[in-house]
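Down below is the structure, laid out as structure tokens.
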Amino acid sequence: MTSESPDRPPVPHTSSWPAFAVEDLPWEPPDAGFGPRRGSSAFRGPYRASVPVPIAGLSPVLPPETTAVVEEASAEIARFDGEAASDRVSFAALILRTESASSSQIENLTSSAKAIALSELGRTGRANADEIVSNVTAMTSALDAAAHLDTQAILAMHRALLGSHDPSHAGELRTEQVWIGGSQRGPHGADYVAPHHRHLPSAMADLTAFIARDDLSVLAQAAVAHAQFENLHPFTDGNGRTGRALLHAMLRAGGLTTRTLVPVSAGLLGDTQRYFAALESYRGGDVVPIVLAIAEAAFPAIANSRQLVQDITTARTEWNEVITARRGAAAWRLADLVMTRPVIDSHLATSVLGVSTANAQAAIDRLVDDGVLTQIGTGMRHRVWEASAVLDAVEAFSARAARR
């Protein structure tokens, strides 16, 4: 016989977590005194900004069903990471690029797989593609810093992201009020007004103290830290992409991923409204929606990635039947290279294969003759070649990720 009452109420499906507070702050529009007075009053006077609550010493309490999803997702992430060790060719760099593209797409920055690959070769000039390649650099910086995720490491991620596009703000905490939605003239009527910038140094220190803890579920901890970061909105631009890079760094730091990453952004991309609503719920004091959104995003992301790897592996198997180079020739190693670098030039081939320029060009020509590679354009200078089968597989990955 149990001592518990049979009339005990059910456990609520929300977590106990402090909501962001608010404070009233004065506002004078930057265009005060210019233009007509009509409408100016709407952007004068006090406004309400969020105030972050310290979380370094807090532990999220999740309902059992949420904990079960987190545990299943964590096991699937670890299983996927383990699969990377058995692949003959490492797809880690390719998956990192697809994740960077998906994370950018959440911010409405889209580009074709070919344009991104061309930008990665140094053929810049396509604005969105160039920014996505910068996001690859930011993701790489995040993974490299996983062992020590302090404020300086986060600033370095942001600097890698925006250094070539917005150098005046790259790697610097903002020094002005920012808000989401509403008018550019002022925060009145905005959908969300981020904390005043005077709170950022202490709030970032508190966040990194929470990140450094080793007594929490890695996936749930990463989701909560991500939500805290996004609601702090510590930068004038690039918060979403930096925050998702931070998420991957935490999964690496916690040992869930060691060889590759799980393209969580590709999983979130299928329902961005749910993701944004979860971030809003978090600042209202409920961590469950963001933890579930991140955990459940892992499943379609992993399935999508497995399909991507299978599509490229199938293409590589088909190439075995058409490549006419002798066994051991550089053309075979070049075929392996374009599985993850589907757009190449002779400089890349020479560097990666470790052969002379003449031998690299001979390998390229062989794969062109055998139908594996196709030259982009018809020029004879600065030539570039593509493996269309791989580009098609990456585009199919993106299409699957974007399905609602």
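The values are calculated or read from the model by the stated rules, or taken from the named source; none is laboratory data. Since we're looking at a predicted model, the values are computed, not measured. Every residue, glycine as well, gets a Cβ built from its backbone with ideal geometry; the counts of neighbours run over all protein chains shown. Ligands, DNA and RNA are excluded from the accessible area calculation, which covers all protein heavy atoms including side chains. Shrake-Rupley method; radii C 1.70, N 1.55, O 1.52, S 1.80 Å.
So, counting K/R as plus one and D/E as minus one, what does the shell of residues with Cβ under 9 Å around Asp336 add up to? Neighbour charge sum, excluding Asp336 itself: +3. What FRET efficiency would be calculated for the residue pair His165, Asn108, taking the C-beta separation as r and a Förster radius of 22 Å, to the nearest 0.05? Using R0 = 22 Å, I get an efficiency of 0.90. Against the chain, whose longest principal axis is taken from its Cα atoms, helix 288-320 shows a tilt of about 0°. Which label marks the calculated value of Kirkwood radius over Cα pairs in Å, given the options (i) 21.1; (ii) 22.2; (iii) 23.2? It is the value labelled (iii).
Let's see if you can work this out: charge +1 on each Lys and Arg Cβ, -1 on each Asp and Glu Cβ, no other charges. What is the dipole magnitude of segment 112-266 about its Cα centre, in debye to the nearest 20?
Taking the Cα centre of segment 112-266 as origin, the dipole is about 320 debye.
Placing pseudo-labels 7 Å out from each Cα toward the beta carbon at Arg79 and Thr314 gives an inter-label distance of 2.1 nm.
Build a GNM of the chain with springs between Cα atoms under 10 Å apart, and of Arg326, Arg381, Arg198 the one that fluctuates most is Arg381.
If you plug the beta carbon distance of Asp214 and Arg326 into 1/(1 + (r/R0)^6) with R0 = 35 Å, you get a FRET efficiency near 0.05. Relative to the longest principal axis of the Cα atoms of the chain, the long axis of helix 218-232 lies at roughly 70 degrees.
Take the chain, mark every one of the GluC sites (Glu not before Pro) that falls in a DSSP loop and has at most 12 other Cβ within 10 Å, then report the longest stretch left between them, sites excluded. Provide the component values of the computation, followed by the final result.
Working: sites that count: Glu4, Glu176, Glu321.
My reading of the result: 5-175 is the longest stretch.
Ranking Met380, Met250 from most to least accessible surface, computed with a 1.4 Å probe over the protein chains only, gives Met380, Met250.
Please give the net charge around Glu120, taking every other residue with its beta carbon less than 9 angstrom from that of Glu120, where Lys and Arg add +1 and Asp and Glu add -1.
Values: positive: Arg97, Arg123, Arg341; negative: none.
Charge balance in the 9 Å sphere: +3.
Relative to the dominant Cα principal axis of the chain, helix 151-162 is inclined by about 60°. Largest GNM mean-square fluctuation among Gly182, Gly254, Gly240, using the chain with Cα springs under 10 Å: Gly182.
Multiplying the residue separation of Asp87 and Leu58 by 0.36 nm and subtracting their alpha-carbon distance yields 6.4 nm. Cα centroid separation, segment 130-209 to segment 264-340: 25 Å.
A simple rule links phi to the HN-Hα coupling: the Karplus curve 6.51 cos²θ - 1.76 cosθ + 1.60 with θ = phi - 60°, which for segment 63-77 gives x, x, 5, 6, 4, 5, 5, 4, 5, 5, 5, 4, 5, 5, 4 Hz, with x for Gly and Pro. Placing a label point 7 Å from the Cα of Glu72 along the Cα-to-Cβ direction, the residues of segment 292-318 whose backbone N falls under 20 Å from that point are 292-307.
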